[in-house]
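Inspection log for the structure reproduced underneath, given as structure tokens.
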Amino acid sequence: MTPHPAARVRPAEQADLAAIRLLIETAFGTRFDPAEPEHIWSLFPVELALVAEAGGRVVGHSQAGPMTVTVPGGELPAIGISGVAVAAPHRRRGLLRALYLEQHRQFAADGIPLAVLTASEGGIYGRFGYGPAARENRIRLDRRFARFLPAAPDPGGVYQVAVPEAEPEIRRIYDRWRRVTPGAQERPDAAWALRFLDPARLRNGGGDLFAFLHPDGYALYRHHGDQSIEVKELRALTPEANAALWRALCGRDLSHDLDAALPGDDPLPHLLEDPRQVRTIAGYDTLWLRIMDIPAALTARRYDADLETVVAVDDPFLDAGGTFALRIRDGSAECAPTAAEPELSMGLDVLGAIYLGAHPARAFAAAGRLRGAPEPLRALERAFAWPRDAVLGWGF
Ligand SMILES: CC(C)(COP(=O)(O)OP(=O)(O)OC[C@H]1O[C@@H](n2cnc3c(N)ncnc32)[C@H](O)[C@@H]1OP(=O)(O)O)[C@@H](O)C(=O)NCCC(=O)NCCS
């Protein structure tokens, strides 16, 4: 890669906002609704953004905003990265790497334990110590053929409510849900404002949002043409709320397909006489996670099984890895650097990928990316598994 000859990385300023906006719009081929930037800059304050400048122009940008992310049995402060773009004529000359180096050194200096992002492409962020920590499946269900099993819960309790009227309750339900769902983030007012602003560029040609409300869950959905419904967001705190909301969605006569994104452990297929009616169209990563402070992250979450091991973690990006003694008893971990010989070794990206329980350790072991004898590997897998799949709370 030929290094960029003329670019320099510097903190962003208010005066850069128009250029940053053009850079992001051009990189993603989209136009912001006039009301969007105000909310975006509120979530990702310009003081925390960096730009790369060349020839007096902004040619690269990365922004960051504080978040709180749920981890198994707890929550941690995190930093979320967004709006990452390098202008096409300046790509593959190290500008993203230069922006990230500067940014992550600052996160480390600030003592932030987790950094998170969502990735436009899967091949970019592993080299920076990020692992895919939450996944979802895009499914399609033709509601005309969705017959619920006789024993499937049918608790009712769902009402069709105008979105503005439902909003306060939706926000309360989301907050209860995110506290028990690994990967989900606290959702600031500006993030809610973006959801309900619902700009045309994010509708994919679809119509307005509608809402179903249950005391323990909600669904936000929209129509695409005459026959398709996109479930934009469905959050349920209980299996009963989940079943009731899906029954309401499946009761939408005059439509055929219901499209939704579900975590791997979603019960929907098992509520139906024919589980195959829930067709998986795609499966993909959502939240990517880099552990900035290994002892802080590993002691913040709860575990499902005991473990006593020594683990070596390699971080080629910032050299923030090391060898750690990890002792888990009754769900709580102690973790400290050690000079002992490691039993297990992995890249920081792999630790990020298994941290919320979304991937079994054996998958990375089989790929040669998590090394160790079979018994410590099995013990690691048992300890890191969690009974609720990780879910990205809101996209950023
Ligand atoms: C993705 C993007 C920011 C990369 O910027 P860049 O300045 O070209 O990246 P760099 O030259 O600093 O590359 C850094 C490393 O990432 C790799 N890389 C960059 N883009 C990549 C891609 N799309 N896929 C795989 N690897 C990629 C480079 O090969 C390089 O590897 P190395 O340092 O280990 O040798 C830029 O291509 C872009 O703006 N794309 C469109 C918008 C986008 O997708 N933004 C990301 C949003 S999550």
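The values are calculated or read from the model by the stated rules, or taken from the named source; none is laboratory data. Just so we're clear, the structure is a prediction, and the values are computed from it rather than from any experiment. So basically every Cβ, Gly included, is an ideal-geometry build from the backbone, and we count neighbours across all protein chains shown. These area figures cover heavy atoms from the full protein model, side chains too; ligands, DNA and RNA do not enter into them. Shrake-Rupley method; radii C 1.70, N 1.55, O 1.52, S 1.80 Å.
Please get the size of the charge dipole for the chain, origin at its Cα centre, with Cβ charges of +1 on Lys and Arg and -1 on Asp and Glu, quoted in debye to the nearest 20.
800
Given the Cα-Cα distance of ASN204 and ARG369 and 0.36 nm per residue of separation, how much length would full extension add, in nm? Could you put the intermediate results ahead of the total?
Details: separation 165, 0.36 × 165 = 59.40 nm, distance 3.78 nm.
Additional length available on full extension: 55.6 nm.
Solvent-accessible area per residue for the chain at a 1.4 Å probe radius, Å²?
On the way: 17840 Å² over 396 residues.
On a per-residue basis, the chain sits at 45 Å².
What does the net charge come to around SER120 if you take all other residues with beta carbon closer than 14 Å to its beta carbon, with K and R at +1 and D and E at -1?
Values: positive: ARG91; negative: GLU121, ASP285.
Neighbourhood net charge equals -1.
Per the Cauchy relation, a quarter of the hull surface: what is the mean projected area of the convex hull of the alpha carbons in the stretch 55-99, in nm²?
Numbers: hull surface 17.2 nm².
With the hull built on Cα positions only, its mean projection is 4.3 nm².
Considering only DSSP states other than H, G, I, E and B, which trypsin sites (Lys or Arg not before Pro) in the stretch 1-32 qualify as loop sites with at most 15 other Cβ atoms within 10 Å?
Hits after loop and neighbour filter: ARG31.
Taking square-rooted eigenvalues a ≥ b ≥ c of the alpha carbon gyration tensor, is the stretch 123-203 rounded, prolate or oblate, where a/c under 1.5 means rounded and, failing that, a/b exceeding b/c means prolate?
On the way: a/c = 1.75, a/b = 1.27, b/c = 1.38.
Since a/c reaches 1.5 but b/c is at least a/b, the shape of the stretch 123-203 is classed as oblate.
If you take the charge dipole of the chain about its Cα centre, with +1 on Lys and Arg Cβ and -1 on Asp and Glu Cβ, which of SER42, GLY368, GLY111 is farthest toward its positive end?
Positive-end residue among those listed: GLY368.
Can you pull the percent of the stretch 140-273's accessible area that's carbon plus sulfur, 1.4 Å probe, other chains left in place? Write down the numbers at each step before the final one.
On the way: 3020 of 6040 Å².
Within the stretch 140-273, the accessible surface is 50 percent carbon and sulfur.
Find, among the trypsin sites (Lys or Arg not before Pro) in the stretch 76-119, those assigned to loop by DSSP (not H, G, I, E, B) with at most 13 other beta-carbon atoms within 10 angstrom. All intermediate terms of the calculation are to be shown ahead of the outcome.
Details: sites: ARG91, ARG92, ARG93, ARG97, ARG105; in loops: ARG91, ARG92, ARG93.
Those satisfying the criteria are ARG92.
Remind me, what semi-axes does the stretch 8-112 give for its equivalent ellipsoid, largest first in whole Å, using sqrt of 5 times each Cα gyration tensor eigenvalue? All intermediate terms of the calculation are to be shown ahead of the outcome.
Values: eigenvalues 115, 60, 29 Å².
Taking √(5λ) for each eigenvalue gives 24, 17, 12 Å, largest first.
Would you be so kind as to identify which of PRO182, TYR284, ALA134 lies farthest towards the positive end of the dipole of the chain, taking Lys and Arg as +1 and Asp and Glu as -1 on Cβ and the Cα centre as origin?
TYR284
Based on C-alpha coordinates, I'd like the Rg and Dmax of the chain, in Å.
Considering the chain through its Cα atoms, Rg and Dmax are 22.2, 68 Å.
Please label the shape of the stretch 293-384 as rounded, prolate or oblate, based on the square roots a ≥ b ≥ c of the eigenvalues of the alpha-carbon gyration tensor (a/c under 1.5 means rounded; beyond that, a/b larger than b/c means prolate, else oblate). Show your work: numbers first, answer last.
Working: a/c = 1.29, a/b = 1.06, b/c = 1.22.
Because its axes are fairly even, with a/c under 1.5, the stretch 293-384 counts as rounded.
Determine the dipole magnitude for the stretch 15-65: charges of +1 sit on the beta-carbon of Lys and Arg, -1 on that of Asp and Glu, nothing else is charged, the reference point is the Cα centre, and the result goes in debye to the nearest 20.
On the way: 3 positive and 7 negative charges, 32 e Å.
Its charge dipole is roughly 160 debye.
I'd like the GluC sites (Glu not before Pro) in the stretch 1-73 restricted to DSSP loop residues with at most 13 other Cβ atoms within 10 Å, sorted by number. Before the final figure, lay out the partial values.
Values: sites: GLU13, GLU25, GLU38, GLU47, GLU53; in loops: GLU13.
Those satisfying the criteria are GLU13.
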